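What follows is a short report on a single structure.
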Amino acid sequence: MVFMFKKVILLTIFILILFPKVYSQVNLGGMFGLGITNNYLNVDLAPEVSYTFIEHLQVGVSPFLLYNKDMSSAYWMMMYGGRIFGEYHFDFNIFVHAEYELSHLSDVENNQATVNSLPIGLGGTTDLSQNTEAYAMVLYDLLYDEAWSIRTNPMFRVGVRYKF
């Protein structure tokens, strides 16, 4: 899984070197989440690389790491993997988002599982500067399985993107 995303990142860098004109259509960004919910510490890290093919359509990849720790015991869970996503941006800074996510879940008791997710939803952006925007979205996972997911349904994401 990690090897596949390394290949995607290397291919992206290779394309950027060979075709400099592509720089105007590449976006780098991601999100970092830190919070406490129901006595659980949650840490979420997800960098992203995306490309705008046509004016309003953006596709990308994002490896991620999600760590969840029960603050009243030694129990923890960790999920890592990658996602591919697509977004269609409308006027008024609103977009629809869909993604497929493949992740590996493990916990302190050495339970392991492979989890497939299919989150879809809506989001919005606001400009922070000429090339930087903040985004927020609400997603609902169509394949949500309460037994194997650290996340809740719906899920909320906030992040920042830089446009080249």
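The values are calculated or read from the model by the stated rules, or taken from the named source; none is laboratory data. Owing to the predicted nature of the structure, the values given are computational and were not obtained by experimental measurement. Here the Cβ is made from the backbone with ideal geometry for all residues, glycine too, and neighbour counts use every protein chain on show.
Screening E87 with (1) at pLDDT below 90; (2) part of a strand (DSSP E or B); (3) of a type outside the set (A, V, I, L, M, F, W, C) gives one miss only, at (1).
Among the residues of the stretch 26-61, those that are more than 23 Å from Y80 (Cβ to Cβ), surrounded by 17 or more Cβ atoms within 10 Å (Cβ to Cβ) and in contact with a helix residue (DSSP H, G or I) (Cβ under 8 Å, 6 or more places away or on another chain) comprise V26, T52. The lone criterion from (1) farther than 26 Å from M78 by Cα; (2) loosely packed, with under 14 Cβ neighbours inside 10 Å left unmet by T125 is number (2).
Scanning the stretch 39-93 for residues that are among the hydroxyl-bearing types (S, T, Y) and in contact (Cβ under 8 Å) with a residue 12 or more places away in the chain gives Y40, S50, Y51, T52, S62, Y67, S72, Y75, Y80, Y88.
Among the residues of the stretch 63-77, those identified as more than 13 Å from the chain's Cα centre (by Cα) and surrounded by fewer than 17 Cβ atoms within 10 Å (Cβ to Cβ) are Y67, D70, M71, S72, S73, A74, Y75, W76.
With respect to the conditions (1) under 23 Å from G29 (Cα atoms); (2) over 19 Å from the mean Cα position of the chain (by Cα); (3) assigned to a strand (DSSP E or B), F92 lacks only one, and its number is (3). Counting only strands (runs of 3 or more DSSP E) that sit wholly inside the stretch 2-71, those with at least 1 residues that are in contact with a Lys or Arg (Cβ under 8 Å, 6 or more places away or on another chain), among the aromatic types (F, W, Y) and at pLDDT 85 or above are 40-54, 57-70. For the stretch 126-151, a residue qualifies if it is within 13 Å of F95 (Cβ to Cβ) and of a type in the set (S, T, N, Q), and exactly one does: T126.
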